[in-house]
Amino acid sequence: MSWMQSLFGGAATASPVAEQARAALAKGAVVLDVRTPDEFAGGHIAGAKNISVQSLAQRVREVGPTTTPVVVYCRSGGRSAAAASLLRQHGYEVVDVGPMSAFPR
C-alpha cells in the first residue's frame, strides 16, 4: 500500500474530498497545516508545512508558487476553511480537507 493510500484510504472508502486531495497530491501539492506551532509539534501529517492561519496572510509566499496546488487542514475545520479562502484569493488551487482527523487511515 502506498503512503497516499494509507493516508487517504482505498478507493472504495475514499470520500470526495479525499479523492480531490489525492489528485492534488499526485500533481505535487503542498500539504499545509494551519494550526499553531504547538499543535503541529504534537503531531501532523508527514511532510506537511506549518503556517498558522493567524500568520498566513503575511507568510502566503512561503506556501510556494500559485501554480502548485495546496491541501490544507487544521484541528476542527474552521481554520482550514479560513486559510482555504485566503489562499484562493491569492490564486491557489486549494483542497480543504478540514480536520486532520478527516484524513482516512
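Each value in this text was obtained by applying a stated rule to the coordinates, not by laboratory testing. Bear in mind the structure is a predicted one, so any value in this text is a computation, not a measurement. Note that we place each Cβ from the backbone using ideal geometry, even for glycine, and neighbour counts take in every protein chain shown.
Could you compute the net charge surrounding ALA81? Neighbours are other residues with a C-beta less than 15 Å from the C-beta of ALA81; K and R count +1, D and E count -1.
Result for the neighbourhood of ALA81: +2.
Taking neighbour Cβ counts within 10 Å as the exposure measure, how do THR67, THR36 sort from fewest upward?
Listing THR67, THR36 from fewest to most nearby Cβ atoms yields THR67, THR36.
For the modelled label position 7 Å from the Cα of THR66 along Cα-to-Cβ, which residues of region 83-98 have backbone nitrogen atoms closer than 18 Å?
From region 83-98, the list is 83-95.
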